[in-house]
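Read the structure below first, then the notes.
No lab work stands behind these numbers, since they all come straight from the coordinates. Note that this is a predicted model, so its numbers are computed, not measured. Note: ideal-geometry Cβ built from the backbone for every residue, glycine included; neighbour counts use all protein chains shown.
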Amino acid sequence: MTFIRPLLLCSAILAVSFDLLFHDVVTKAAPIGIGLSVMLSFSIAALVFLAVRTKLPGRRRSLYFLIPAFLLSLGCAWRDSHTLCALDCSLIIFFLFLSSTSMQGCKILTAGVSRYIQVFICIFDSLFIRPTDVFFSQLKWNNLLPPEIASKTGAVAKGLFISLPLLLMFGLLLTSADAAFLELMKKGFQVDLQSTFSHCCLTLTAMFFSVGSLATMFHGRLHSKDLSLDDLPSYKLGAIEVCTITGVVNLLFFSFVMVQLQYFFGGASVVTLTSGLTYAEYARRGFFELVTVVALVLPILLFLDWSFVKKSRVGIFIFRGLTISQICMLFVMMASAVKRMMLYQVEYGQTELRLYTTAFMALMALVFIIFAFTVLRGYRSHFAFASMMAGLLVTATMHFINPDEMIVTANLDRVKQGKEFDVEYNLSLSKDAIPVLVSHLGELGKENQVRIRERLQAGYVQASTFSKFKDWRYWNWSRAKADQYVGKDLRQRAIGMNYPAGKPKNMPPTGKI
């Protein structure tokens with residue numbers, strides 16, 4: 001019971017904080033902003049407090065995994081991209097439960113892939129199974145409060161119950177005696193039942209999940225062989241089988257790479273003559289298939305290395321040589337995929353899907369390099385953590401390069417080549433793209449300029465008029481910067497266009513744009 005009380009206290013504080021910071025995000029689709037970082041700060045404080053109370057000095061290093069979670073929350077307050085925000089939130093949840101798994105005794109730094117799969121199972125257990133066990137099995141409701149506090153609380157409740165009819169009687173008399181007091185009581189007791197109900201539901205739900213997560217983190221213990229690949233039925237392959245599988249796949253990849261080398265050095269004429277496709281059709285047809293091939297090879301190589309009985313040095317040498325050859329050919333395929341995407345972008349423009357898929361290809365390249373330096377050198381236990389760090393590095397890089405701004409910049413460069421500019425798609429991007437769009441409006445045709453300015457002005461006026469989501473909880477650097485750019489553009493146009501010659505410039509604007 002000594003652990004339950006601080007756990008319930010921290011869970012209640014986190015639940016109330018979550019309701020205050022994210023009620024409109026959940027119920028009214030408000031944007032995520034700096035409030036997420038504040039929530040992570042409260043969570044970290046609660047976890048540090050419980051770590052001190054539970055006296056687990058050997059496991060407090062697990063709290064280091066909260067640092068990338070907090071930095072990712074700052075990413076949500078930096079960029080407005082919906083894709084990046086979704087990626088940040090997913091990684092935040094992952095790192096929180098990674099810290100939980102580590103706190104339970106799992107050595108994350110040297111854990112295998114199966115251990116990271118266990119994190120997702122831990123998420124389900126923490127959110128749905130553990131809180132039920134705490135509330136209905138571990139928690140003794142009669143002994144929740146110390147006896148002296150429980151008696152005083154009961155006395156206060158009894159006094160409030162007895163005073164209720166007195167409050168009603170005197171309240172009716174006093175409100176009848178003074179109209180101003182009546183208005184004050186009406187305002188004080190005006191309750192929005194729908195809003196109150198939604199706040200209570202959100203707080204109780206957050207309390208339920210918080211109790212389960214904290215109880216799992218500080219009261220659970222993972223066994224050393226949970227979800228270990230060593231517990232699976234033995235399925236081993238010898239050197240001949242593994243090398244045969246790898247060699248056959250290598251032959252297929254080699255034939256494909258030879259064809260790609262012709263395209264690299266032959267250009268569009270070779271593509272047209274050999275495949276009958278235009279360069280754009282060739283690019284569109286092959287990119288996503290190559291991404292799929294690259295993504296599928298990794299689990300196959302991991303399985304072959306796990307099942308390989310490493311008894312013969314010659315067999316190990318041949319397998320590693322074939323694997324390195326396969327990775328080298330995969331890099332050629334990746335280069336081919338990137339070239340196809342560049343061709344496709346020149347023809348049809350840049351989009352989020354094309355950019356993020358290319359980023360995923362860069363991540364896979366890093367993961368294969370890590371595979372070569374860890375798994376193939378006998379350090380398989382370091383592969384999962386290093387790959388996770390590579391994913392975090394790519395995510396951080398995406399925040400710095402500003403994907404939506406890159407997309408608009410690439411599409412504006414196509415305009416200089418006489419290509420069409422898709423106004424609707426570029427306006428559908430987040431506010432990360434608005435500053436560069438406003439800065440290069442002069443490069444577009446007048447019709448497109450008018451359409452873009454009308455849309456931006458409408459959004460700016462709407463955001464200024466309906467300011468229910470303008471407080472600090474939803475502040476975002478990119479959104480603030482975009483509003484500043486749009487407001488500056490509107491003011492410049494009002495000064496330069498809305499005043500006929502001879503009229504003073506201190507006259508009110510006409511509202512035209």
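Here are a few things to note about the model shown:
- Model label zone, Ile67; criterion: amide N under 18 Å from point 7 Å along Cα-to-beta-carbon; scope region 383-408: 385-397
- In this rough spin-label picture, where each label sits 7 Å from Cα along the Cβ direction, the Asp413-Leu441 distance is 2.4 nm.
- Additional length obtainable on full extension of the chain from Ile300 to Lys152, 0.36 nm per residue less Cα span: 46.7 nm
- For the pair Phe124 and His82, label points projected 7 Å from Cα toward Cβ lie 2.9 nm apart.
- Residue exposure sequence - Thr358, Thr292 - by fewest surrounding Cβ within 10 Å: Thr292, Thr358
- Gained length - Phe181 relative to Arg451, 0.36 nm times residue gap less alpha-carbon distance: 91.8 nm
- Above-threshold pairs, the threshold being 19 Å between Cα atoms, out of Lys431/Lys470; Lys107/Lys310; Lys236/Lys310: Lys107/Lys310
- Lys310 sits among other residues whose Cβ lies under 12 Å from its own Cβ, and their net charge, with Lys and Arg +1 and Asp and Glu -1, is +4.
- On the basis of the beta-carbon distance and an R0 of 51 Å, Ala396 and Leu193 show a calculated FRET efficiency of 0.70.
- Fewest-first sequence of Leu127, Leu109 by Cβ atoms within 10 Å of each Cβ: Leu109, Leu127
- The gain in end-to-end length when the Ile93 to Leu252 segment is fully stretched comes to 53.2 nm, 0.36 nm per residue minus the alpha carbon separation.
- Ranked Ser90, Ser430, criterion: other C-beta atoms within 10 Å, fewest first: Ser90, Ser430
- Sorting the segments 64-76, 207-219 by their mean number of nearby beta carbons within 10 angstrom, highest to lowest, gives 207-219, 64-76.
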